[in-house]
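J.: Before I ask anything, let me first share the structure, which is written out below as structure tokens.
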Amino acid sequence: MNLKSTLIVSAIFFLAINLTFAKAVVYDFVVAQDGSGNFKTVQEAINAVPDFRKTPTRILIKKGVYKEKLVLAGSKQLVKLIGEDVNKTILTYDDFAQKKNSFGEEKGTSGSSSFYIYGDGFTAENITFENSSGPVGQAVAVWVAGDMSAFRNCRFLGFQDTLYTYGRGSRQYYRNCYIEGTVDFIFGSSTAVFDECEIFAKNDGYLTAASTPDTTKYGYVFLNCKVRGDASKSSFYLGRPWRPYAKTVFIKSDLGNMIKPEGWDHWGKESNKQTAYYAE
């Protein structure tokens with residue numbers, strides 16, 4: 001199956017996911033900080049989802065800034081988070097890689113995430129996901145490991161390592177989303193489609209750092225995206241290979257003048273040029 005036919009099949013699959021957003025929604029739980037819902041915190045609502053439920057659980061999150069370090073366990077499947085307002089429904093935390101845990105050890109990149117998503121079939125709509133620690137090195141806003149995850153009209157805010165598409169072998173879809181950062185701010189091993197998203201480059205650095213396994217046919221696919229930002233001219237690479245078989249393509253996307261003419265960086269290893277697949 002060639003790239004074009006694979007993308008068509010993927011589009012049909014993810015269209016089915018998108019159609020679920022368009023239907024009239026009856027919420028199973030409501031999260032509201034003022035006490036008007038079922039829960040005051042997002043984690044309480046996630047914990048209330050029955051393990052391995054085969055029917056989607058829809059959770060409405062009312063406007064507010066929810067400072068919580070969130071975990072969606074692998075047993076919490078088909079969970080749907082719907083924000084009341086993408087700009088005013090904010091899930092945030094401020095851990096970062098060099099921050100110490102209770103044993104005095106650095107949390108590391110993986111330990112810095114504000115939200116960990118392990119459950120399959122997760123979807124989110126109209127929500128801002130943020131790591132609010134600032135420009136302090138690696139600081140993940142969302143870690144996505146679950147298969148068949150989808151985000152629509154969401155924002156991902158941070159600096160270095162904002163969005164970690166962690167799941168080896170997982171498939172992820174981002175539609176009409178805003179993702180910002182500085183260095184390697186979209187990174188990981190998943191197959192991920194970014195459809196009509198805005199990628200916002202801050203300062204200078206690298207948009208992507210894929211670590212696609214050699215057994216995975218496709219890595220990152222950016223379709224009809226816009227690369228914008230306040231970075232200076234020719235200060236950003238489209239990507240660099242975190243692992244030798246990284247794969248990233250930009251298709252019919254509008255690239256701003258902050259992108260370097262050479263486009264890609266081989267991360268200091270000439271051998272990466274023989275294994276990585278980069279195209280625009």
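J.: Confirm whether Asp120 is part of a loop (DSSP other than H, G, I, E, B), over 25 Å from Arg171 (Cβ atoms) and out of contact with any strand residue (DSSP E or B) (no Cβ under 7 Å at 6 or more places or on another chain).
T.: no
J.: State yes or no: is Ile199 touching a Lys or Arg at 6+ places or on another chain (Cβ under 9 Å) and under 25 Å from Leu91 (Cβ atoms)?
T.: Yes.
J.: Mind listing whichever residues of region 123-168 are assigned to a loop (DSSP other than H, G, I, E, B), touching a helix residue (DSSP H, G or I) at 6+ places or on another chain (Cβ under 7 Å) and over 21 Å from Ala73 (Cβ atoms)?
T.: Within region 123-168, just Asp161 meets the criteria.
J.: Could you list, in sequence order, the residues of region 217-241 that are touching a residue at least 40 places away in the same chain (Cβ under 8 Å), within 16 Å of Gly263 (Cα to Cα) and not in a strand (DSSP E or B)?
T.: Arg240
J.: So which of Ala246, Ala231 ends up being over 25 Å from Gly134 (Cα atoms) and either among the small types (Gly, Ala, Ser) or touching a Ser or Thr at 6+ places or on another chain (Cβ under 9 Å) (or both)?
T.: When all the criteria are applied, what remains is Ala246.
J.: Report, by residue number, each residue of region 221-241 that is surrounded by fewer than 15 Cβ atoms within 10 Å (Cβ to Cβ) and touching a Leu at 6+ places or on another chain (Cβ under 8 Å).
T.: Residues satisfying the conditions do not exist here.
J.: Quickly run through region 242-280 and pick out the residues that are open to solvent by less than 50 Å² (accessible area, probe 1.4 Å), closer than 22 Å to Asp214 by Cα and in a loop (DSSP other than H, G, I, E, B).
T.: Ala246, Asp265, Ala276
J.: Pick from Phe39, Phe96: which is open to solvent by 20 Å² or more (accessible area, probe 1.4 Å), aromatic (Phe, Trp, Tyr), without any contact (Cβ under 8 Å) to a residue 60 or more places away in the chain and out of contact with any Lys or Arg (no Cβ under 9 Å at 6 or more places or on another chain)?
T.: Phe39
J.: Asp204: at pLDDT below 95, at negative phi, charged (D, E, K, R) and touching a Phe, Trp or Tyr at 6+ places or on another chain (Cβ under 9 Å), yes or no?
T.: Details: at pLDDT below 95: yes; at negative phi: yes; charged (D, E, K, R): yes; touching a Phe, Trp or Tyr at 6+ places or on another chain (Cβ under 9 Å): yes.
Against the criterion (at pLDDT below 95, at negative phi, charged (D, E, K, R) and touching a Phe, Trp or Tyr at 6+ places or on another chain (Cβ under 9 Å)), Asp204 qualifies.
The values are calculated or read from the model by the stated rules, or taken from the named source; none is laboratory data. This is a predicted model, so every value here is computed, not measured. Because the Cβ atoms are built from the backbone with ideal geometry, glycine has one as well, and the counts that use them run over all protein chains shown. Just the protein is used for accessible areas: all its heavy atoms, side chains included, with ligands, DNA and RNA removed. Shrake-Rupley method; radii C 1.70, N 1.55, O 1.52, S 1.80 Å.
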